[in-house]
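The values are calculated or read from the model by the stated rules, or taken from the named source; none is laboratory data. If you're wondering where the values come from, they're calculated on a predicted model, not measured in any experiment. Glycine also receives a Cβ, built like all others from the backbone with ideal geometry; neighbour counts cover every protein chain displayed. Each accessible area value is taken on the protein alone, full model and side chains, heavy atoms only, with ligands, DNA and RNA left out. Shrake-Rupley method; radii C 1.70, N 1.55, O 1.52, S 1.80 Å.
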Amino acid sequence: MPVNLTPNAIAAVVGGDLDLKPLVQVLEIKPNGSSQERYRLLLSDSAASQHAVLASQLNDRVKSGGVRKGSVVQLIDYICNTFQDRKIIVVLNMETIIPDCEIIGNPKLPLDFSSTRQKASSVSNSGAPTRTLKNESVAVNGGDKVQTHRPTVQPSYQPPPLPIYKNHGAIVKNEAPARIIPIAALNPYQGRWAIRARVTAKGDIRRYNNARGDGKVFSFDLLDSDGGEIRVTCFNAVVDRFFDSVEVGKVYMISKGTLKPAQKNFNHLNNAWEIFLETGSTVEPCSDDQNSIPEQKFYFKPISETESAENNSILDVIGVVTSVNPSIPILRKNGMETQRRILNIKDQSGRSIEVTLWGEFCNKEGLKLHELFDSGLCPVLAVKAGKVSDFSGKTIGTISSTQLFINPDIPEAHALKEWFDRGGKVAESHSISRDIVPGRQKNENRKTVAQIKDEGLGRSNKPDWITVKASIAFIKTDTFCYTACPLMIGDRQCSKKVVKSGETRWQCERCNQEFEECDYRYLLQAQIQDFSGLTWVTSFQESGEEILGCSAKELYSLKYEKQDDDKFAEIISRSLFNQLLFRLKVKEETYGDEQKVKITVVNAERVNPSSESKYLLDLISK
């Protein structure tokens, strides 16, 4: 195919232009013969040529065959030095555009190139080989006479007169359009590039403060026609330039950005790089490519596979909404109030999971889901980039980059809706959020109290998750709860212990903030027993509420504020000697120099006679 090298590139580079990043061709390549391994090149712009030296860090390009005679390359980083009255281009970084190509144009050779050839050819008096390189010809003529046709001497570089512009702005040195490449082909070693992609997600402006002062940042995600995804990030003045012009769902041509390694703590996309836009970057709308690029790309996992997903991992999930709770106010770490809404979804895998919506998700998609569900409909919800939490089972929460799609027009949603309407609505589904221990099916790994010690449970590297049917025999009532921080860190309450600060305020050392009211959370120490034995367990907030039937704040108020000892004693005694199914986490921990097995209640529920009878009958049948 025809290739256009950058016109007058050699003269411009030798003249000191370090920003051109030209396309040139390699005419010659050979080692320099010194103790330090380096390669000498002869570069051409199709009209002129010049000697060059390759930086040692690029030697592998030659050894691997990525750069060879005839290769068309783009000089990314280079300088031009004078050595022994000769100009030498030192190539520090370059990109191979075409690995192998015929000689382009009719390049003139440097003056010292032909004199070197003459010295080599004058030594031979017979049988001299014939070599042709466009304008250079060395031929044998009648035995011992060698006739050399020297190339035309290149005139010294004279810069062309500058064109006259009238109110057209600055003169751009290289106005050749950047090459449009797939997102998957982007890397930091390329020169000028451009991508055409659709904005699939856009974050809000976030403000920060560090040693360099205050700043602001926002990001948006891109998807191209080949399925490649990448995140784009803007800071400070660049935020002001692009935030209002970038819209979710629209296609843009983006160029002149800088690629840096993706920060995987904040970037869940399947790309090792992310783009940082600068003041010279361009983001231009493309109205003619709206249909060639998909609206979104999903990587759905069945809800059952979420049981084994790592904590804080990011994934896509889809399911039919089976319940929607009202939105409630929550106090965040910065003292601002936000909203939280909890709903549940199920799919064909026989599992359901709790989805927690935060902030604006509660009032937008959450409110719409609530209205649909109240009207008797069960919509399909697709969650893009939800965050997995393994606190008290597995849940999925929204983060700033999460997207929610209600009844999306995709094959997965249609299949799920058809399954739900044909019997999936009444199909049994087990929740993996509260009444299932991670990685275990319901009623699996049933143990007795005595087996915890006899089988050495919890003494391996990983905790053991078991189910025990037992009763509470005793609850310590002197310290049943603690004062906790009510502020939010991300999508979860801080819950760290707080201390008094003055007469009416509380202070959290973790959040380094004070507030007038604290929260109260359970920290129950109790003994459970079955027919085989007795053991101590620790129960925290959620499981404590399941055991006692009221919140820690209510129980604290009865005992210490209202001082209603009778009511307090009634609640405690009412929770004793009732059979419960305890989901327990058993793990050996070190206290000082002593190792002890700690048993934590993950979930406690009253025994369902029907389910328990079925379980016992299954045991008998085995």
**Request:** Check off (1) of a type outside the set (Val, Ile, Thr); (2) within 25 Å of CYS485 (Cα to Cα); (3) without any contact (Cβ under 8 Å) to a residue 40 or more places away in the chain for LEU617 and give me the number that stays unchecked.
**Result:** (2)
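Checking the condition touching a helix residue (DSSP H, G or I) at 6+ places or on another chain (Cβ under 6 Å) and not in a loop (DSSP other than H, G, I, E, B), which residue from LEU558, LEU534, LEU581 passes?
Going through LEU558, LEU534, LEU581 in turn, the sole match is LEU558.
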**Prompt:** Within segment 495-503, can one find any residue that is open to solvent by less than 40 Å² (accessible area, probe 1.4 Å), in contact (Cβ under 8 Å) with a residue 12 or more places away in the chain, under 17 Å from PHE474 (Cβ atoms) and within 41 Å of the chain's Cα centre (by Cα)?
**Reply:** no
**Complete:** Scanning segment 180-202 residue by residue, the ones that are over 13 Å from VAL251 (Cα atoms), of a type in the set (Val, Ile, Thr) and in a strand (DSSP E or B) total 1
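Being touching a Phe, Trp or Tyr at 6+ places or on another chain (Cβ under 9 Å), more than 30 Å from GLY544 (Cβ to Cβ) and surrounded by fewer than 21 Cβ atoms within 10 Å (Cβ to Cβ) narrows it down to one residue among ILE410, ILE406; which is it? Spell out the reasoning first.
Numbers: ILE406 fails: touching a Phe, Trp or Tyr at 6+ places or on another chain (Cβ under 9 Å).
None of the others qualify; the one that does is ILE410.
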**Message:** Checking the structure you have, find out if any residue of segment 381-402 is in a helix (DSSP H, G or I) and farther than 22 Å from GLU542 by Cα.
**Reply:** no
**Residue check for ARG241: in contact with a helix residue (DSSP H, G or I) (Cβ under 7 Å, 6 or more places away or on another chain) and of a type outside the set (A, V, I, L, M, F, W, C)** = no
**Asked** Which condition breaks for LEU43 when tested against (1) modelled with pLDDT under 90; (2) closer than 27 Å to PRO188 by Cβ?
**Response** (1)
**Complete:** Cβ pairs under 9 Å, 6+ apart or interchain, first in segment 258-287 and over 12 Å from VAL232 (Cβ atoms), second assigned to a loop (DSSP other than H, G, I, E, B) and of a type in the set (S, T, N, Q), ordered by first then second residue, are PHE266/SER401; HIS268/SER313; HIS268/SER401; ALA272/ASN187; PRO285/SER245
**Message:** Any residue that is open to solvent by less than 20 Å² (accessible area, probe 1.4 Å) and among the polar types (S, T, N, Q) - is there at least one of those in segment 339-347?
**Reply:** no
**Message:** Can you confirm whether VAL383 is touching a His at 6+ places or on another chain (Cβ under 7 Å) and either touching a residue at least 24 places away in the same chain (Cβ under 8 Å) or within 22 Å of THR200 (Cβ to Cβ) (or both)?
**Reply:** no
**Message:** When the residues of segment 359-379 are narrowed to those that are buried (at least 18 other Cβ atoms within 10 Å of the Cβ) and without any contact (Cβ under 8 Å) to a residue 40 or more places away in the chain, which ends up farthest from VAL324 (Cα to Cα)?
**Reply:** GLY359
**Complete:** Within segment 339-375, the residues that are in contact with a helix residue (DSSP H, G or I) (Cβ under 9 Å, 6 or more places away or on another chain) and under 18 Å from GLU428 (Cβ atoms) are ILE345, LYS346, ASP347, GLN348, SER349, GLY350, ARG351, SER352, ILE353
**Fill in**
Looking across segment 206-227 at residues that are at pLDDT 90 or above and touching a helix residue (DSSP H, G or I) at 6+ places or on another chain (Cβ under 7 Å), the single one that is farthest from GLY280 (Cα to Cα) is ASP224
**Request:** Go through VAL248, VAL239 for me and flag whichever is farther than 24 Å from LYS21 by Cβ, of a type in the set (Val, Ile, Thr), at pLDDT below 95 and open to solvent by 60 Å² or more (accessible area, probe 1.4 Å).
**Result:** VAL248
**Asked** If we keep just the residues of segment 504-532 that are open to solvent by less than 50 Å² (accessible area, probe 1.4 Å), in contact (Cβ under 8 Å) with a residue 40 or more places away in the chain and not charged (D, E, K, R), which is nearest to ASN312 (Cα to Cα)?
**Response** CYS511
**Number of the condition not met by ALA569 [criteria: (1) outside any strand (DSSP E or B); (2) modelled with pLDDT under 90; (3) small (Gly, Ala, Ser); (4) open to solvent by less than 60 Å² (accessible area, probe 1.4 Å)]** = (2)
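Would you check which residues across segment 201-216 are buried (at least 16 other Cβ atoms within 10 Å of the Cβ) and of a type in the set (A, V, I, L, M) and list them?
Residue satisfying the conditions is ALA201 alone.
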**Item:** Qualifying residue in segment 538-560 (condition: under 17 Å from VAL607 (Cα atoms), in contact with a strand residue (DSSP E or B) (Cβ under 9 Å, 6 or more places away or on another chain), open to solvent by 80 Å² or more (accessible area, probe 1.4 Å) and among the hydrophobic types (A, V, I, L, M, F, W, C))
**Value:** no
**Message:** Let me spell it out: the conditions are (1) at pLDDT below 85; (2) over 26 Å from TRP193 (Cα atoms); (3) in contact with a Leu (Cβ under 7 Å, 6 or more places away or on another chain); (4) not basic (Lys, Arg), and HIS51 meets all of them except one. Which number is the exception?
**Reply:** (1)
**Message:** Could you check segment 263-278 and list, in sequence order, the residues that are part of a loop (DSSP other than H, G, I, E, B), out of contact with any helix residue (DSSP H, G or I) (no Cβ under 9 Å at 6 or more places or on another chain) and over 18 Å from ILE399 (Cα atoms)?
**Reply:** ALA272
**Asked** Here are some conditions: (1) crowded, with 16+ Cβ neighbours inside 10 Å; (2) assigned to a helix (DSSP H, G or I). SER611 meets all but one. Which one does it not meet?
**Response** (1)
**Request:** Tell me which residues, restricted to segment 386-401, are buried (at least 20 other Cβ atoms within 10 Å of the Cβ) and either over 28 Å from TRP465 (Cα atoms) or without any contact (Cβ under 8 Å) to a residue 60 or more places away in the chain (or both).
**Result:** THR395, SER401
**Item:** Those residues of segment 574-605 which are farther than 20 Å from GLY456 by Cβ and exposed (fewer than 11 other Cβ atoms within 10 Å of the Cβ), in sequence order
**Value:** PHE577, GLY592, ASP593
**Request:** Name, by its number, the condition in (1) at pLDDT below 90; (2) under 25 Å from the mean Cα position of the chain (by Cα); (3) of a type in the set (A, V, I, L, M) that does not hold for LEU331.
**Result:** (2)
**Top-ranked residue of segment 279-297 - restricted to ones that are modelled with pLDDT under 90 and touching a Ser or Thr at 6+ places or on another chain (Cβ under 9 Å), ranked as least open to solvent (accessible area, probe 1.4 Å)** = ILE293
